[in-house]
1. What order do you get for 66-72, 133-139, 207-213 when each peptide is scored by the mean count of other beta carbon atoms within 10 Å, highest first?
2. Considering only DSSP beta bridges with both partners in region 36-144, what is the antiparallel share in %, to the nearest 5?
3. Give me the distance in nm between label points sitting 7 Å out from Cα along the Cα-to-Cβ direction at Thr57 and Met108, one decimal.
4. For a quick check: with amide H placed at 1.01 Å from N, whose amide H comes under 5 Å from Gln157's, ignoring anything fewer than 5 positions away on the same chain?
5. What is the distance, in nm, between label points placed 7 Å from the Cα along the Cα-to-Cβ direction at His241 and at Leu43?
6. Please report the spacing between the Cα centers of region 148-223 and region 35-87 in Å, no decimals.
7. If you place +1 on the Cβ of every Lys and Arg, -1 on the Cβ of every Asp and Glu, and leave all else neutral, what size is the dipole of region 5-88 about its Cα centre, to the nearest 20 Debye?
8. Which option, [x] 66, 38, 37; [y] 56, 44, 42; [z] 93, 41, 35, is the value of Cα extents along the principal axes in Å that was calculated from these coordinates?
Amino acid sequence: MQLDSSLLGALRCFEAAARLLSFTQAARSMNLTQSAVSQQIRLLEERLGYRLFVRQTRGLKLTDKGLTLFETTSRALGEIQATLQRLEISHSPLQVSCLPSFALQWLMPRLTDFHRQETDVSVRLKAEFQSISRQAMQVDDIDIAIRYDPTTYSELQSEVLLDEYLVAVATPEYLARHPRFADGSSLDGVTLLHDASPWDGAAEFIEWRTWMQENWSREMPRLDGPQFNLSSLALAAALSHQGVAIGRTALVHDDILSGRLRIAFGKSVKAPARYVLLSREPGDRRSVIFSNWILGECQRFSVDRQNVFGRLG
């Protein structure tokens, strides 16, 4: 039997009716009339020379041959649909706006694996930390944004990527020169390094203050010291033995693991902010592919983080 356009149309009607066991529901799903679907099935049965359905009082039942044809048709149409969706992916890069420190120290090292897995989707990464909105994403042609803040977004689809925790970190050499800080007894002679603006509108010294409230048993000290506009700069200063920085675990994980930085003392404290994934068009297949990938990477990192920071204290 030759597979022509009229037969393909009839098979689509048959697949919908067999899946839903209703001509009426099949017609609704295909934006056709019930009589049009019924006629297509009748013509298909005449052309094949055997019945596909048994018409019952409360609906339809597939015959044995109808069931066999449905299994094959459903599989074939599913594969065609998947192929069409794959081919529909835009060849333009997915525009991802990400915080500079998170992009540099967490996301970039993982993007190679993403491009290896998803050869149809390329990512153009923009290191930015300004406030985000639907209008801003449209104007700047941003598909995905990753932000670290406590904000609730109502006009964009948002998903929490990763909760964050804060630790005080310095090089082993710096802590050796300041043993009274390393045992939590004194800040004398210690330089505190600050991310001046962890997020837009953050209170001054918010991350150090949050950590101190949990780990400093004495009166809250005066918080001062060098300030930087990026967390990665404060951490770079710490790596240069210039002082103690508050490290977000996603940003210091590798340095802690390698021994370049060490947790000074005390416990990790839940940060007042978290990493959020924002999508301008969440139905865009490129956005779906990237979102699913990064959510999986964050889940794996959460397990690794627990192992590392649980072991190191």
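1. Working: 66-72: 15.3, 133-139: 13.4, 207-213: 19.1.
Ranked by mean Cβ neighbours within 10 Å, highest first: 207-213, 66-72, 133-139.
2. On the way: 4 of 10 bridges.
Of those bridges, close to 40 percent are antiparallel.
3. 7.2
4. Those qualifying (amide H under 5 Å, at least 5 residues apart or on another chain) are Ser279.
5. Label-label distance for His241 and Leu43, simple model: 8.5 nm.
6. Taking the Cα centre of region 35-87 as reference, the centre of region 148-223 is 63 Å away.
7. Numbers: 12 positive and 7 negative charges, 56 e Å.
That gives a dipole near 260 debye.
8. Among [x] 66, 38, 37; [y] 56, 44, 42; [z] 93, 41, 35, the one derived from this structure is [z].
Where a number appears in this text, it was derived from the coordinates with a stated rule and is not lab data. Because the structure is a prediction, the values reported are computed rather than measured. Cβ coordinates were reconstructed from backbone atoms using ideal geometry, including for glycine residues, and neighbour counts include every protein chain displayed.
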